[in-house]
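Asker: Can you keep this structure in mind? I'll have questions shortly.
The values are calculated or read from the model by the stated rules, or taken from the named source; none is laboratory data. Quick caveat: nothing in here was measured; it's all calculated off a predicted structure. Every residue, glycine among them, receives a Cβ derived from its backbone with ideal geometry; neighbour counts consider all protein chains shown.
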Amino acid sequence: MPNSFQIVVCSSLVPDPLQTLEPVAGPALKNEMMLPAVLDPWAACSLYEAAALAAAHPGSKVYLVAMAPKAKLQQVMMTVAQKVPFELVALDGPLGGFTDAQSTAAALAEAIAAIPALDRSKLLLFGGWESASRGAGVTLQTAGELLGITEQFQGVDQLTVRDDGQLEVLERVEGGRHQVSLCQGAPAVFGWATGNLAEPRNSPQMGMANMRGITPALMKAKPVKLDANGLSYVSAAVPKQTRETRLVRDMPAEEIAREIVAWMAE
Amino acid sequence: MEKIFVLTHVDESGTALAKASLEAVSAAVELAKSFSAELTIGLLGADVAQAAAQLAGAAPKVLAVTGQAFAQPRYATDAAACEALVKAAAPTIVLAPSTARFARVMAGVAHRAGGAIDTHITAVSPSLEATRWFYRQRIEAVVKRERRPWFLLLDAGTHAAYSATGAAPAVEAVAVAAPASRTTVAGTRSPQQGEQTIRPNAKLLFVAGAGWTKKQSDGQVHAADAEKLILGFLHAADASLGSSKSLVDQSGENQATLKFMTHLNQIGQTGATPRHAKGLSTCCHGEEPHVVGWRFVNERRAINLDANCGWARGKADVVYLADAFQVMAKVNELLEK
């Protein structure tokens, strides 16, 4: 079919951003397995963009390649499955930001290469440009290299498929601007920033349809051990950050304004 | 014995080095001095003759990949150029600035060089321990690597920019055949219609939260007034504009919104973490996912009607319990005088 794509979205799970994080020896997060988790936010944006792109181009398919402990994946997928249609490829691996990004990329690339009937000439590799855990921006680039894809874009906010099949890409650059590039179709890597789509509403029907594939995918999730790649930690700590806040009540607006202007001039 | 290599590129003008590149040079010079290591500099751009003068006195050897194919940031060509430069220098430590151009390509280069990479580095100690943040600026860690070459992508604003001393260095060309690429760069585009609200070098960050577009005390929404006040303040104070996620998300949900606000303005967990000396937050609750983006904003003040907002719980230095519409109108009056 013209302009149909095989979109593979890579994602990890991260602690719900409202949780308090405390590092412990390892390093790891204290009670990591007990913390409520969500799909990594930028990767989630890329999943929604992937689903919208697939819906607009019949014959396209979305795969979600996710690595985390199986039990955690199962919990999070109950919610994610209600958002958009996808086929899960699960990797039973470690959770958390203290693992090595290149080793993670190698595990993801291996899983992607093993997807049966994946047409690499139509492959669009999606994911967040950085995770909310490690935040390195390394995984997707390296996975792309391992899969032999040298058309890569990071900090993507918009991807438009033109009638002639060219992909117009907007990538974030300095100063609040976008770089505009034209790519002559798949295969390509797209590390997404926020994109332009709102989070889809939960659809229990879609959740049930997705879960028919997710449950077997979780059962056959391949166990993954990540190599440290020569990485070691000297320390990991939450910095002291509490400030002595001065609460200013009942001060007239004019007086507050004067105080703010004086502070700005300091 | 470590061999240090710092990769740099020319900025958009094509004649000067990006400021972040000069900061990386500073860090490399300091590091090389601390353990008497050999330092080499790599340069990337269409023509680097003018930019190379900014490297005078930094290193005995400067390598460059030049040519029209390398004028614009593009993964395939930038990766090939950096790969060739690294191969020519054969370093054990590679420092590079975390510019948009290098951030999108350096992990690929590290992979090709058979090395390891760590990004968003804020400090490198003489004992080769690198500091970076995890979990979106919530946990700070110091890391070491045994693997070489070790690539370190330095965050902008963490080192002083290098100042040239003496005559421009001789530049040794490294030949690279531009690889076939299916991508052409068409230029840059600003999402804001006629308004440049993001100013990375501004002294002050002004954050507008969702409260600006909610019903006010008269029961009405005053989005147009909010726009006027915010833009008036940005012009008068030459401040940079940030936002909370809830406000930028509103544009996708067909609610009242501020026309000049986009996702690029978003600060926090899924937004930016800018570096400004001061920050003023208005109509924003100061929840943790937003405040993690304020990690590098030193002095913080907030205007909010809620005494129990996040800012009041140790996240700001001063919280004014007041109506931001009234206060900002007065601030603008004072700034116009």
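Asker: Can you list residue pairs whose Cβ atoms sit under 8 Å apart, with the first residue in segment A:71-98 being within 16 Å of A:P15 (Cα to Cα) and the second being of a type in the set (D, E)? Count only pairs 6 or more apart in sequence or on different chains.
Answerer: Sorted first by the residue in segment A:71-98, then by its partner, the pairs are A:L73/A:D92; A:L95/A:E32; A:G96/A:E32.
Asker: In addition: I'm told A:C45 meets every condition in (1) among the hydrophobic types (A, V, I, L, M, F, W, C); (2) in contact with a Phe, Trp or Tyr (Cβ under 6 Å, 6 or more places away or on another chain); (3) more than 14 Å from chain B (Cβ to nearest Cβ) except one. Can you identify the failing condition by its number?
Answerer: (3)
Asker: Which of the residues that make up segment A:157-184 are more than 23 Å from the chain's Cα centre (by Cα) and either in contact (Cβ under 8 Å) with a residue 24 or more places away in the chain or more than 7 Å from every other protein chain (Cβ to nearest Cβ) (or both)?
Answerer: A:R162, A:D163, A:D164, A:G165, A:Q166
Asker: Strands (runs of 3 or more DSSP E) wholly in segment B:124-193 with at least 1 residues that are touching a helix residue (DSSP H, G or I) at 6+ places or on another chain (Cβ under 8 Å) and of a type outside the set (G, A, S) - which ones? Step through it out loud before you land on a result.
Answerer: Working: elements: B:130-134, B:139-145, B:150-154, B:171-173, B:183-189.
Answer list for segment B:124-193: B:150-154, B:171-173, B:183-189.
Asker: Test each condition in (1) more than 8 Å from chain A (Cβ to nearest Cβ); (2) farther than 25 Å from A:V180 by Cα; (3) under 27 Å from the mean Cα position of the chain (by Cα) for B:L204 and report the one that comes out false.
Answerer: (1)
Asker: Okay, moving on. Condition check: touching a residue at least 24 places away in the same chain (Cβ under 8 Å) and part of a strand (DSSP E or B). Does A:L118 satisfy that?
Answerer: Here the answer is no, as A:L118 does not meet what is asked.
Asker: Sticking with this structure for a sec: Just to verify a result, which residue in segment B:299-312, among those that are more than 7 Å from chain A (Cβ to nearest Cβ) and assigned to a loop (DSSP other than H, G, I, E, B), is farthest from B:I230 (Cα to Cα)?
Answerer: B:N308
Asker: When the residues of segment B:272-298 are narrowed to those that are basic (K, R) and part of a loop (DSSP other than H, G, I, E, B), which ends up nearest to the other protein chains (Cβ to nearest Cβ)?
Answerer: So the residue we want is B:R295.
Asker: Restricting the search to segment A:223-263, which residues are of a type in the set (A, V, I, L, M, F, W, C), more than 7 Å from every other protein chain (Cβ to nearest Cβ) and buried (at least 16 other Cβ atoms within 10 Å of the Cβ)?
Answerer: Selection gives A:V224, A:L226.
Asker: Within segment B:184-196, identify whether any single residue is of a type in the set (D, E), assigned by TED's automatic domain parsing to the domain that holds B:E288 and in contact (Cβ under 8 Å) with a residue 60 or more places away in the chain, and answer yes or no.
Answerer: No, that holds for no residue.
Asker: Take B:V185 and decide whether it is under 26 Å from B:G115 (Cα atoms), touching a Ser or Thr at 6+ places or on another chain (Cβ under 8 Å), within 14 Å of chain A (Cβ to nearest Cβ) and among the β-branched types (V, I, T).
Answerer: no
Asker: If we keep just the residues of segment B:105-143 that are polar (S, T, N, Q) and under 17 Å from A:K240 (Cβ atoms), which is surrounded by the most Cβ atoms within 10 Å (Cβ to Cβ)?
Answerer: Taking segment B:105-143 first, the residues polar (S, T, N, Q) are B:119, B:122, B:125, B:127, B:131, B:137.
Those still in the list that are under 17 Å from A:K240 (Cβ atoms) too: B:122, B:131, B:137.
Details: B:T122: 15, B:T131: 18, B:Q137: 21.
Checking each candidate, the answer is B:Q137.
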